Amino acid sequence: MADVTNGDAFVAFERVQKSYDGETLVVKDLNLSLPKGEFLTMLGPSGSGKTTCLMMLAGFETATHGEIKLDGKPINNIPPHKRGIGMVFQNYALFPHMTVAENLSFPLEVRRMGKSDREEKVKRALEMVQMGEFGGRRPAQLSGGQQQRIALARALVFEPELVLMDEPLGALDKQLREHMQFEITNIAHNLGITTVYVTHDQTEALTMSDRVAVFDDGRIQQLAPPDELYESPQNSFVAQFIGENNTLEGTIQEIKGNTCTVKLDDGSIIDAKPVNVVKPGDRTLISIRPERVEMNKERLSPDAHTLRAEVVEFIYMGDIFRTRLRVAGTEDFVIKTRNAPDQRRLKKGEQIEIGWLPDDARALDA
Ligand SMILES: Nc1ncnc2c1ncn2[C@@H]1O[C@H](COP(=O)(O)OP(=O)(O)OP(=O)(O)O)[C@@H](O)[C@H]1O
Ligand SMILES: [Mg+2]
């Protein structure tokens, strides 16, 4: 989704900072705008500030500096329950004295919806989370994963314009988790709901989101659609956090337009794409995805640099082969090849030659 100016943003964080103790900033100068209907995921390691951002948007925490706007208006003066936001937080419990159906009906009653409409909506919401049989139970009579699904249904049942979700699928097994990922994105898109979703599961972030904001240390390291994040990471942190990644350390020798030559620390020379390096002499981390490494020299240009490598481990994984190599002083260089009829299986100890297109090796910050 294209960048939006703050003018047509539905949700906007403007220069937001947050400190709990008056000393350390756990959110540092956050600028983020979502257009209406966007599904945005905040992804990042533990403690990077994701929940804090969600709590400020929900109104349970206030920003130390900066402003948060909803539909163009600062939200500071609107109390949480008047913001029309659906929420699923890790510790945002169900009402224990109400049945499951009463829990779901409650946000509709508050909005003065008639009884038969309420019953219809509650029934559909329960079916959505595969809990149709459980309307009469109390939360204490449900498993953790079942409670989580009811919390999710309760956040969506009144079809809010904005939904905030903090690790809503954490307690679910893989199959149910994937089903719910599909249901959530479907509902959000069909109803045009704007969603801010928090997870530290990168696969979940990549499969569900229009855009992903990668957080580290209170800052957004990169904000981009999933494919761009995976294929064009802007710095070493993002390259290593998203997907599997090979890194090689070296020094920039020469930069010519869209390619550069790099002298690796063992003396060998490779080609790469300069991303956030500036000049010869700069230290760099080269980032290469395992599926972009080429063993067939005919697919590379005649003057491309190649590296000699030794097979340390060859793993047959069914659909792909995963081979670990000793190359340029590291033993952790991984390549993935598709299991095709013409693809040879390598042997431990075998010497091979590898290379890549310059665009597939990104010269990032060291
Ligand atoms: N109420 C609080 N009082 C003081 N410090 C807090 C409070 N809540 C969070 N923090 C601190 O703020 C930082 C960011 O926390 P936050 O909960 O936003 O991280 P997170 O990205 O959601 O992490 P996780 O993935 O573990 O949920 C952490 O260092 C945390 O210890
Ligand atoms: Mg959190």
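The values are calculated or read from the model by the stated rules, or taken from the named source; none is laboratory data. Owing to the predicted nature of the structure, the values given are computational and were not obtained by experimental measurement. Cβ placement follows ideal geometry from the backbone for every residue including glycine, while neighbour counts extend to all protein chains displayed.
Key figures
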| item | result |
| --- | --- |
| The range 182-204, residues that are within 16 Å of ligand 1 (Cβ to nearest atom), among the hydrophobic types (A, V, I, L, M, F, W, C) and either in contact with an Asp or Glu (Cβ under 6 Å, 6 or more places away or on another chain) or over 18 Å from residue 162 (Cα atoms) (or both) | 198 |
| Qualifying residue in the range 3-18 (condition: assigned to a loop (DSSP other than H, G, I, E, B) and at pLDDT 90 or above) | yes |
| Unmet requirement for residue 249, which otherwise passes all of (1) surrounded by fewer than 21 Cβ atoms within 10 Å (Cβ to Cβ); (2) in the same structural domain as residue 19 (by TED's automatic domain parsing); (3) out of contact with any Pro (no Cβ under 9 Å at 6 or more places or on another chain) | (2) |
| Yes/no for residue 66 being in a loop (DSSP other than H, G, I, E, B), of a type in the set (Gly, Ala, Ser) and away from ligand 2 (no atom under 16 Å from the Cβ) | no |
| For residue 180: the one exception among (1) closer than 23 Å to residue 289 by Cβ; (2) among the hydrophobic types (A, V, I, L, M, F, W, C); (3) in contact with a Leu (Cβ under 6 Å, 6 or more places away or on another chain); (4) in the same structural domain as residue 69 (by TED's automatic domain parsing) | (1) |
| Single residue of 72, 47, 22 found to be small (Gly, Ala, Ser) and within 29 Å of residue 181 (Cβ to Cβ) | 47 |
| Of all residues in the range 93-109 being surrounded by fewer than 16 Cβ atoms within 10 Å (Cβ to Cβ) and touching a residue at least 12 places away in the same chain (Cβ under 8 Å), the one that is nearest to ligand 1 (Cβ to nearest atom) | 93 |
| Qualifying position, being assigned to a strand (DSSP E or B) and either touching a Leu at 6+ places or on another chain (Cβ under 7 Å) or within 23 Å of residue 334 (Cβ to Cβ) (or both), among 239, 272 | 272 |
| Subset tally (residues that are closer than 13 Å to residue 243 by Cα and not in a helix (DSSP H, G or I)) for the range 181-210 | 2 |
| Residue match in the range 74-92 (condition: assigned to a strand (DSSP E or B) and free of Cβ contacts under 8 Å to residues at least 60 places away in the same chain) | yes |
| Residue among 164, 152, 169, 126 that alone is surrounded by 20 or more Cβ atoms within 10 Å (Cβ to Cβ), within 16 Å of ligand 2 (Cβ to nearest atom), outside any loop (DSSP other than H, G, I, E, B) and not small (Gly, Ala, Ser) | 164 |
| Total residues in the range 333-366, condition aliphatic (A, V, I, L, M) and outside any strand (DSSP E or B) | 4 |
| Within the range 34-52, considering residues that are more than 15 Å from residue 223 (Cα to Cα) and part of a helix (DSSP H, G or I), the one farthest from ligand 2 (Cβ to nearest atom) | 52 |
| Matching residues in the range 242-257 - criterion: being within 17 Å of residue 44 (Cα to Cα) and touching a strand residue (DSSP E or B) at 6+ places or on another chain (Cβ under 6 Å) | 245 |
| Selected residue (criterion: farthest from ligand 1 (Cβ to nearest atom)) from residues of the range 34-74 that are within 26 Å of residue 238 (Cα to Cα) and among the charged types (D, E, K, R) | 38 |
| Subset of the range 293-330 (residues that are surrounded by fewer than 17 Cβ atoms within 10 Å (Cβ to Cβ), in contact with a Lys or Arg (Cβ under 9 Å, 6 or more places away or on another chain) and either small (Gly, Ala, Ser) or in contact (Cβ under 8 Å) with a residue 40 or more places away in the chain (or both)) | 304, 310 |
